[in-house]
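None of the figures in this text is laboratory data; all of them are computed from the coordinates on show. This is a predicted model, so every value here is computed, not measured. Neighbour counts are summed over all protein chains in view; Cβ atoms, including those assigned to glycine, are modelled from backbone coordinates with ideal geometry.
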Amino acid sequence: MDKEAGNDGLLPKASALQLALALRPPASVAERHFVPAASNAQARHWLNQTGWPDRRLLIHGADTCGKSHLLHIWAARRQARVLDAAGLDVSDLAEIAANAPLALALDHLERVTSERAVLHLLNLAREHRITVLMASRLPPNRMPIILPDLASRLRAVTLVPIMPPEDTLRFALLLRLIAERQMVVSKPILDWLMCHLPRTGDAMVEAVECLDRATLAHKKPLTIGLAREALSGLLFAEDESLS
């Protein structure tokens, strides 16, 4: 087989990059990988309690704030069944009722595709005295819920916010994301990223993904110059917000 010019003969460059990205391990939701901080202290306190009002609780916060991680930690402790609101359908409820668990964890409530399924799930949980933890990017009053009965039930749920991450949590998240991708990043570059990235978990995730792609594409160690080039859109957005 002919080798592509400039290639090592194993895979075309694009295929090698796609393979490298595909082999990245998924983010861990193990309890030992969670970083406790002041911003998530209230949520951790509630999840360590029992006897929630009406046996329901909803934690909410921005993407990558740790709410799904906390939901999975709680589910593992309580041996709860984890469901995704984006894929929950009314047809799933008979099987859930037949194998009624002691606890349910419903993630990504803001992505719900079947409001009727969530409504019936909450009714089923009340009937069987099942504890329900929900996680959402938005609080119920900011979700475009159409069914009045579901909107009413969600408004009655105890809400616990997860606050924006502080610098210690942002730095821990940055280190974890870099370690998951087995990247080598020097201390000066870490400091530069902390100073120049927007102060959100989303920005950290997007930045590390961009830097990973850039180092794989250029096949050279990460420098501040390469980081500035790879993150130009993200850094520009931050500069605009400060102007």
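What the table below lists for this structure:
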quantity	calculated
Fraction in percent of alpha-carbon pairs per bin - 10 Å, region 86-221	10, 31, 20, 21, 15, 3
Paramagnetic reach from residue 31 (point 7 Å along Cα→Cβ, amide N under 17 Å) across region 91-119	103-105
5 angstrom amide H check on residue 106, placed H, neighbours 5+ away	83, 133, 134, 135
Whole-number percent relative contact order across the chain, with pairs defined as alpha carbons under 8 Å at least 6 apart	22 percent
For region 165-242: relative contact order, % (alpha-carbon pairs under 8 angstrom, 6 or more apart)	33 percent
Relative frequency of Cα-Cα separations exceeding 17 Å in region 165-242, percent	38 percent
D_trans [Stokes-Einstein, Kirkwood Rh over alpha-carbon pairs] for region 31-161, 10 °C, 1.306 mPa s, µm² s⁻¹	108 µm²/s
Taking N as its residue count, the alpha carbon Rg of the chain over 2.2 N^0.38 Å	1.21
Charge dipole (debye, nearest 20) of the chain; +1 at Cβ of Lys and Arg, -1 at Cβ of Asp and Glu	700 debye
Dipole of region 31-161 [Lys/Arg +1, Asp/Glu -1 at C-beta], most positive-end residue of 123, 71, 53	53
For region 31-161: relative contact order, % (alpha-carbon pairs under 8 angstrom, 6 or more apart)	34 percent
Spatially near lysine pairs across the chain, Cα under 22 Å, sequence gap of 8 or more or different chains	6
Nearest-20 debye value, region 165-242 charge dipole, Cβ charges on Lys, Arg, Asp, Glu	420 debye
